[in-house]
Amino acid sequence: MQVVASRLVRSFGIIALFLGAALLGTATGVLFAFVGDLPQISALDDYSPSTITRVVARDGSVVGEFATERRVLLTYDQIPVVLRNAIVATEDDAFFSHSGVDLSRIFVTATKRLLRLQRYGGASTLTQQLARKLFLTDEQTPERKIKEALLSIQIEKRYTKPEILTMYCNKMYWGHGAYGVEAASRLYFAKSAIDLTLDEAAMIAGIIQGNVRQSPYVNLQAATRRRNFALAQLADEGFITRAEAEAAKKRPIVTHGAPAPPPTIAPYFLETVRIHLEERYGAKSVYENGLVVKTGLDPVLQRAANAALDSGLRDLDRRRGYRKPARNILDEKRALDTYRHPRWNRELVAGDFVPALVTGIDGGVTIRVRVGRWTGTIDRAGYAWTKRRAEDAVRAGDLVEVKVGKIDPNGTFTGALDQAPVLQGAILAIDNHTGQVLAMVGGSSFEMSQFNRATQALRQVGSLFKPFVFTAAIDRGYTATSMLDDSPASFPAGPNQPPYEPRNYDREYEGMITLRRALEHSRNVPTIRLMAALDPKNVIPYAKNLGVSSPLPAYLSVAIGSAEASLLEMTSAYSAFPNQGVRMAPTMVLQVMDREGDILEQHRAEPHEALRADTAYILTNLLRGVVQHGTGAEARKLNWPIGGKTGTTDDYTDAWFVGFDPDITIGVWLGFDQKKPIGDRVTGTTAALPIWINVMKSWVDRRRAQLPEAPDFARPANIVIVMTDSGPEAYIVGTEPQGK
């Protein structure tokens, strides 16, 4: 029996040896089969994940971002210890001891799955997760798992544990477009990762695998459960005490960020910058290479421009009458209680205009609305401007615009009914001395139309062209007190054409008037006579020198604005008057740096000598008169050194005001995209100027606080001030009245 038993043992040993050899051979064959198909781990030496391109304003604040993956790279030391520990404890407690693959963890997980004690969660180490995200896909196949293990072993051989953990923390996705721990920290808690508390770090670590599904913005209970799991793991691994874990579990999760980045304050400006960057560097660099783009945008002035245009357009739009809502949710066969508008993921702020859903009418008087989780009411005063009863103005299911009033902590608010304006407008502000664009609004709503009316729209400029005619006249010896003829005039218009007979806005004539009065009160006929006397061919070059590049035919009617130009061209041209005749080329991008801080592009102020300094000063003085005594007189209330000019087309399709102080020039344009009348006798004075004043007031208020006294326009040495019958007047030496 012993002999037989001994033979059986030897036989089994031989069989086991052969089986082991066969398995080893098979494993070796598998390894050889896959090793040649693996990516080169050495590529990680130059690994550079996609990062955010940031556009910053003059004060250093972020205007906007471009990214396929919202990511901010951190070094190992910039990742707080509490977060590193939480990630290791939650995802891979043996991270610092294994060599890329944790065989014991694989065995335990496989056993639990076999016994149906565990349905979710894998046995992948941090290194395996990193290898999968860097080189592989998430498909569940044996081939992928083998490659993942082999790659992990190679990564562990080439890099240190801190290097691997740093790559992991910068690579992983945390939901809502945030990649890496820094972006996750800003997303959920509006703070840098280095400032995370224990329970905040535990939540971020806990939701790695579930990201959006377990995000506190989506499922607060799931996020809390995962945070508490991470805290328990930290205690189990000895990183914190049980008491610390239990205390942290009792604290609620309080988010301070937002699931979507806040909207930019300057969407049209940002889009112009994006186009420039893509043309120069390509889309891949813009969205993945983490550029830093410095601009001259002034956030305070930009916000003032946004508010002024929105308020002004809405006011003008309401004067045209109420329009019933164009969209009704019930008509679309959708339920009121489940409807969600894309803009409702933002916090409700008093004074904002937001889309609201009408849920009903109480007592035939009070309109009930909903904005996300907030419920609001609109009383009779809030819709009185419509001149309709509540049930005639709206019905349940209507999607309306509401101006938010008082907000209560209980989730209710009061509001006023409004409507999105169909009238369009644009605002542009330029620094006279540098050409930097300080503010830009290209339309009433970037969400509705990305067409930039500040830079792309060519519109008839109306009386805004007149200063170019008067500039040519001053350069040829005319003065502010030169006399012009404001009487009916007729000019030949060519063969078989009726004569050209310009008329004044008020259809009246004043006879002989000074050049100053002709400009201050925007008289058409004397301007046309002056254009004829100078010859259009001699006037057009002045507009060109001042930066108007749009076509300008040499016709008499161009003198009163029959030609077209953009708001950017006109604002830039006017900026030369207060800047002693020097026009600075408009600039939006000042500097572009790569992620290492190397400068790729830099723009300095680019001056253009457009006018003689003395001529520019005389025109500045004349345009100050427009504000003091003429069509821009409403701006006198600012009590600040200001000059400017209104512009209105004959058919009231375009309304303008471009004005300046010694430091900045601001232009405002209003009109319909389809070029129809804004309204009966709606002019630059009544429509554009009030908006301009609101923007300029923001600038003036700040300058008053910054300067000991108001600035003044620089006066060239060859300008003399002479007392005339109408008061002090500026002249270029040699042109002043004699005997005064």
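The values are calculated or read from the model by the stated rules, or taken from the named source; none is laboratory data. Keep in mind the model is a prediction, meaning the values are calculated, not measured. Ideal geometry is used to build each Cβ from the backbone, glycine not excepted, and the neighbour counts take in all protein chains shown. Protein only, heavy atoms only, side chains kept; ligands, DNA and RNA dropped before computing areas. Shrake-Rupley method; radii C 1.70, N 1.55, O 1.52, S 1.80 Å.
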Averaged per residue, the 1.4 Å probe accessible area of the chain, protein heavy atoms only, in Å², is roughly 47 Å²
Semi-axes a, b, c in Å (a largest) for the stretch 629-720, each sqrt of 5 times a Cα gyration tensor eigenvalue, come to 29, 15, 10
What is the stretch 628-740's relative contact order, in percent, from Cα pairs under 8 angstrom and six or more apart in sequence?
21 percent
Rule-of-thumb check for the stretch 668-740: C-alpha Rg over 2.2 N^0.38 Å?
1.76
Note down, for the stretch 473-631, the three equivalent ellipsoid semi-axes (square root of 5 times each alpha carbon gyration tensor eigenvalue), biggest first, whole angstrom.
36, 19, 13
Return one quarter of the surface area of the convex hull spanned by the alpha-carbon atoms of the stretch 324-365, equal to its mean projected area, in nm².
4.4 nm²
Just grab the label-to-label distance for Ser192 and Ala493, each label 7 Å out from Cα along the Cβ direction, in nm (one decimal).
6.9 nm
Sort 579-587, 653-661 by the packing proxy (mean of other Cβ within 10 Å over each peptide's residues), most packed first.
653-661, 579-587
Under the Debye formula (equal points on every Cα, no solvent term), log10 I(q)/I(0) of the stretch 290-354 at q = 0.12, 0.14, 0.23, 0.30 Å⁻¹
-0.61, -0.77, -1.13, -1.20
Label-point gap, in nm, between Glu244 and Asn410 - each point 7 angstrom along Cα→Cβ:
4.3 nm
To the nearest 20 debye, what is the magnitude of the charge dipole of the stretch 274-331 about its Cα centre, counting +1 on the Cβ of each Lys and Arg and -1 on the Cβ of each Asp and Glu?
320 debye
Against the longest alpha carbon principal axis of the chain, how many degrees, from 0 to 90 and to the nearest 10, is the axis of helix 220-236 turned?
50 degrees
Please report the spacing between the Cα centers of the stretch 500-560 and the stretch 405-436 in Å, no decimals.
36 Å
On the Cα set of the stretch 538-594, report Rg and Dmax in Å, please.
13.8, 51
Subtract the Cα-Cα distance of Phe672 and Met593 from 0.36 nm times their separation in residues, and report this length gain in nm to one decimal.
24.5 nm
Residues Glu139 and Ala260, FRET efficiency given R0 of 30 Å [Cβ-Cβ distance, rounded to 0.05]
0.55
Using θ = phi - 60° and the Karplus form 6.51 cos²θ - 1.76 cosθ + 1.60, what ³J(HN,Hα) does each residue of the stretch 249-254 get, whole Hz, x for Gly and Pro?
5, 6, 7, x, 7, 10
The stretch 480-535: Cα Rg divided by the 2.2 N^0.38 Å rule of thumb:
1.15
How large are Rg and Dmax for the stretch 119-199 when only the alpha carbon atoms are used, in Å?
14.4, 41
Order Glu606, Glu332, most accessible first, counting only protein heavy atoms with a 1.4 angstrom probe.
Glu606, Glu332
Leaving out ligands, DNA and RNA, and with a 1.4 Å probe, what % of the accessible surface on the stretch 664-713 is carbon or sulfur?
50 percent
Rule-of-thumb Rg ratio for the stretch 439-550 [Cα; 2.2 N^0.38 Å; N residues]
1.30
Explain nothing, just the number: relative contact order of the stretch 597-661, from Cα pairs under 8 Å at least 6 residues apart, as a whole percent.
22 percent
Per residue and in cubic angstrom, what volume does the convex hull of the Cα atoms of the stretch 599-662 have?
168 Å³
Project the alpha carbons of the stretch 524-618 onto their principal axes and report the range along each, largest first, in whole Å.
61, 28, 18
Quick one: accessible surface of Glu520, probe radius 1.4 Å, all protein chains present, in square angstrom to the nearest 10.
10 Å²
State the three equivalent ellipsoid semi-axes of the stretch 325-438, derived from the C-alpha gyration tensor as the square roots of 5 times its eigenvalues, in descending order and whole Å.
30, 17, 15
I'd like the trypsin sites (Lys or Arg not before Pro) in the stretch 237-307 restricted to DSSP loop residues with at most 11 other Cβ atoms within 10 Å, sorted by number.
Lys250
If the convex hull of the alpha-carbon atoms of the stretch 183-271 is projected onto planes in all directions, what is the mean projected area in square nanometres?
6.7 nm²
Which trypsin sites (Lys or Arg not before Pro) in the stretch 336-390 sit in a loop by DSSP (not H, G, I, E or B) and have at most 10 other Cβ atoms within 10 Å of their own Cβ?
Arg340, Arg373, Lys387
Chain lengthening between Tyr339 and Met448 when straightened (0.36 nm per residue, less Cα-Cα):
37.2 nm
Which Cα, out of Thr514, Tyr500, Ser463, lies furthest along the positive dipole direction of the chain (beta carbon charges, K/R +1, D/E -1)?
Ser463
What size of dipole, in debye to the nearest 20, comes out for the stretch 561-656 about its Cα centre when the only charges are +1 on Lys and Arg C-beta atoms and -1 on Asp and Glu C-beta atoms?
620 debye
Over the chain, what is the mean sequence separation of C-alpha contacts under 8 Å (at least six apart), divided by residue count, expressed as relative contact order in percent?
10 percent
Total charge dipole magnitude, the chain, about the Cα centre, Cβ charges on Lys, Arg, Asp, Glu only, Debye to nearest 20:
2280 debye
Among beta bridges assigned by DSSP with both residues in the chain, the antiparallel ones amount in percent, to the nearest 5, to 90 percent
Note to self: C-alpha centroids of the stretch 327-376 and the stretch 191-238 sit apart, in Å, by 33 Å
In terms of Cα to Cα distance under 16 Å, which lysines are near enough to Lys133, apart from those fewer than 8 places away along the same chain?
Lys145, Lys147, Lys171
In square nanometres, what is the average projected area of the Cα convex hull of the chain?
47.6 nm²
Just the number: Rg to Rh for the stretch 387-440, Cα atoms, Kirkwood Rh, two decimals.
1.24
